[in-house]
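Enquirer: If you scroll down you'll find the structure; I have some questions about it.
A short reminder: the numbers here are calculations on the coordinates, not readings from a lab. Small disclaimer: the values here were computed from a predicted structure and weren't measured. FYI the Cβ positions are ideal-geometry reconstructions off the backbone, even for glycines, and counts take in every protein chain you see.
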Ligand code: NI
């Protein structure tokens, strides 16, 4: 396995739209394994392939405390949504940035697992948020896009300032 380089905002490649995986083969499984390793190393609860500059519809998620409940999500489709929730989110591509985002409370997800087998799950709470956040990534949508224009500008400025400081 290998750690992948995670793109940081404002990298424009975070805006690319990922393509469906045609066949879940050894190549794809290697990407999935590397994505899990990278997500765990970054202490994240989810990672989308787009963040690793791979434009394929692959997401990995693990919201468990002990990090032993990996969920492999290939070609995700959110086939039902219900209610709304408003919780704090962060993102590996936005280190140190957190804000509240409005999301559906519950979602029904259809996807392929690491063996290419189709499954459906009902998710709520953090898992539901995580699924929506990561599926957004595959379409080039970032969590900051859900914030007010004022908050987006504030976040972008803060990131710019920190990047400038890091380069001094
Ligand atoms: Ni993210």
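Enquirer: Could you identify which residue out of 87, 102, 65 has the top mean-square fluctuation in a GNM of the chain using Cα springs shorter than 10 Å?
Expert: Looking only at 87, 102, 65, the biggest GNM fluctuation is shown by 65.
Enquirer: Please list, in order, the residues from region 36-55 whose amide nitrogen is less than 12 Å from a point placed 7 Å along the Cα→Cβ vector of residue 65.
Expert: Answer for region 36-55: none.
Enquirer: Next question. When the C-alpha atoms of the chain are aligned to their principal axes, what extent does each axis show, in angstrom, from largest down?
Expert: Sorted largest first, the three principal extents are 47, 38, 31 Å.
Enquirer: Also: Once you place label points 7 Å from the Cα toward the Cβ at residue 78 and residue 102, how far apart are they in nm?
Expert: Using points 7 Å along Cα→Cβ, the separation is 1.3 nm.
Enquirer: Between helix 125-138 and the chain, what is the angle of the helix's C-alpha long axis to the longest principal axis, kept within 0 to 90° and rounded to the nearest 10?
Expert: Rounded to the nearest ten degrees, it is 80.
Enquirer: Over all distinct alpha-carbon pairs, what is the Kirkwood Rh of region 72-134 in angstrom?
Expert: On the way: mean 1/r = 0.0806 Å⁻¹.
Taking every pair of different Cα atoms in region 72-134, averaging 1/r and inverting gives 12.4 Å.
Enquirer: Turning to a different aspect of this structure: Measure off 7 Å from each Cα along the Cα-to-Cβ vector at residue 3 and residue 53, then give the distance between these two points in nanometres to one decimal.
Expert: 1.6 nm
Enquirer: Okay, which of region 67-81 sit inside 12 Å, backbone N to the point 7 Å along the Cα-Cβ direction of residue 40?
Expert: 67-71
Enquirer: Further question on the same structure: Given a 10 angstrom Cα cut-off, can you work out which residue in 21, 60, 129 is the most mobile in a GNM of the chain?
Expert: Evaluated over the chain, the most mobile residue of the options is 21.
Enquirer: A further question on this structure: Can you give the angle from 0 to 90° between the axis of helix 26-41 and the longest principal axis of the chain, with both taken from C-alpha atoms, to the nearest 10?
Expert: 40 degrees
Enquirer: Which one, 140, 83, 46, has the greatest fluctuation when you compute a Gaussian network model over the chain with C-alpha springs under 10 angstrom?
Expert: In this elastic network of the chain, the residue with the biggest mean-square fluctuation among 140, 83, 46 is 83.
Enquirer: At a threshold of 8 angstrom on Cα-Cα distance, excluding pairs fewer than six apart, so keeping six or more, what relative contact order does the chain reach in percent? Intermediate results must be reported in sequence, preceding the final value.
Expert: Values: 301 pairs, mean separation 37.0, N = 168.
For the chain, the relative contact order is 22 percent.
Enquirer: Roughly how far apart, in whole Å, are the Cα centres of region 18-83 and region 137-164?
Expert: Here the two parts' Cα centres lie 22 Å apart.
Enquirer: Roughly what % antiparallel, to the nearest 5, for the DSSP beta bridges in the chain?
Expert: Values: 26 of 27 bridges.
The antiparallel fraction comes to roughly 95 percent.
Enquirer: Specify the angular offset, from 0 to 90 degrees and rounded to the nearest 10, of the alpha carbon long axis of helix 149-167 from the longest principal axis of the alpha carbons in the chain.
Expert: 80 degrees
Enquirer: What does the extension gain come out to for residue 148 and residue 124, with contour length at 0.36 nm per residue minus their alpha carbon separation? Don't skip to the end; give the middle numbers.
Expert: Working: separation 24, 0.36 × 24 = 8.64 nm, distance 2.43 nm.
Taking 0.36 nm per residue and subtracting the Cα distance, the gain is 6.2 nm.
Enquirer: Take the alpha carbon gyration tensor of region 12-63, find the square roots of its eigenvalues, order them as a ≥ b ≥ c, and report rounded if a/c is under 1.5; if not, report prolate when a/b exceeds b/c, else oblate.
Expert: Working: a/c = 2.07, a/b = 1.16, b/c = 1.78.
Note, shape of region 12-63 comes out oblate.
Enquirer: Would you compute, from DSSP H runs of 4+ residues alone, the mean residue ellipticity of the chain at 222 nm, taking -39500 (n - 2.57) per run and dividing by the full residue count, rounded to the nearest 500?
Expert: -9500 deg cm²/dmol
Enquirer: Still on this structure, please answer the following. Please compute the contact order of region 68-145 in relative form: average sequence separation of alpha-carbon pairs under 8 Å and at least six residues apart, divided by the residue count, as a percent. Write out the running numbers ahead of the final one.
Expert: Numbers: 120 pairs, mean separation 22.4, N = 78.
Reported as a whole number, the value is 29 percent.
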